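Notes to accompany the following structure.
The values are calculated or read from the model by the stated rules, or taken from the named source; none is laboratory data. From a predicted model like this one, the values you see are computed outputs, not experimental measurements. Virtual Cβ from ideal backbone geometry, glycine too; neighbours counted across all protein chains shown. The accessibility values were calculated without ligands, DNA or RNA, using every heavy atom of the protein model including side chains. Shrake-Rupley method; radii C 1.70, N 1.55, O 1.52, S 1.80 Å.
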Amino acid sequence: MNQQIFPKDVVDLVESHLRQVQDFPAPGVLFRDITPLIADPEAFATLINTLADRYRGKVDAVAGLESRGFILGAPLAMALGVGMLTVRKAGRLPGPVVTEHYELEYGEASMELQPFTVKDGARVLVIDDVLATGGTATAAFNLIERAGGIADTLCVLIELEELGGRARLEGRTVESVLSY
């Protein structure tokens, strides 16, 4: 169960700016779209400022997970005055890269990171829009650590509790603005 760490007014703001899309990307799936949130400059700025207040002085870099993690990570890194790392799907970064393979519910996937972007011992905050099964976040943690960084915190806007991602990240800090 997620403990509420973000201010209630920010939680309410984020929730009020989500669009629910039934049967996307597949039948039976309820997709929570963050597009209205990022399209509203005041709401988006409030979110980024709140996240910056939470992580200021605690991290040396922000790692955004492809692709919506980039949207959140870049302005957060800028607000914190730290660098941003990009964790991408395999084949989308020029080398050298480190690669992490992981299993999905039906199949496999791979994520990559350019190791030269991670400073040895850097404290890295991993950020994404949604935590579902935890596979992508686990791959990101492993990549950052293999590159010499220290990654122990994941921040997401939305956690889908029934999919068990938090349990898969046991021993890591998971902070979510909203949980369903």
Check on Arg19, among the basic types (Lys, Arg) and either more than 23 Å from Glu161 (Cβ to Cβ) or touching a helix residue (DSSP H, G or I) at 6+ places or on another chain (Cβ under 6 Å) (or both): yes
Matching residues in segment 1-21 - criterion: being of a type outside the set (Phe, Trp, Tyr) and surrounded by 15 or more Cβ atoms within 10 Å (Cβ to Cβ): Asn2, Val10, Val11, Leu13, Val14, Glu15, His17, Leu18
Within segment 138-158, tally of residues that are closer than 26 Å to Leu13 by Cβ and either in contact with a Pro (Cβ under 7 Å, 6 or more places away or on another chain) or open to solvent by less than 10 Å² (accessible area, probe 1.4 Å) (or both): 5
Within segment 96-117, considering residues that are open to solvent by 60 Å² or more (accessible area, probe 1.4 Å), at pLDDT 95 or above and not in a strand (DSSP E or B), the one farthest from Ala61 (Cα to Cα): Pro96
Filter result (of a type in the set (D, E, K, R) and either within 18 Å of Leu131 (Cα to Cα) or in contact with a helix residue (DSSP H, G or I) (Cβ under 6 Å, 6 or more places away or on another chain) (or both)) within segment 59-113: Glu66, Arg68, Arg88, Lys89, Glu100, Glu103, Glu105, Glu108
Conditions (1) of a type in the set (D, E, K, R); (2) part of a helix (DSSP H, G or I); (3) over 20 Å from Thr173 (Cα atoms): number failed by Glu145: (3)
Residues being open to solvent by 20 Å² or more (accessible area, probe 1.4 Å), within 15 Å of Leu65 (Cα to Cα) and without any contact (Cβ under 8 Å) to a residue 40 or more places away in the chain - total across segment 118-137: 2
Count of residues meeting criterion [surrounded by 18 or more Cβ atoms within 10 Å (Cβ to Cβ) and either touching an Asp or Glu at 6+ places or on another chain (Cβ under 6 Å) or assigned to a helix (DSSP H, G or I) (or both)] in segment 159-177: 3
Only listed residue being of a type outside the set (Gly, Ala, Ser), more than 18 Å from Lys58 (Cβ to Cβ) and not in a loop (DSSP other than H, G, I, E, B), chosen from Thr136, Thr153: Thr136
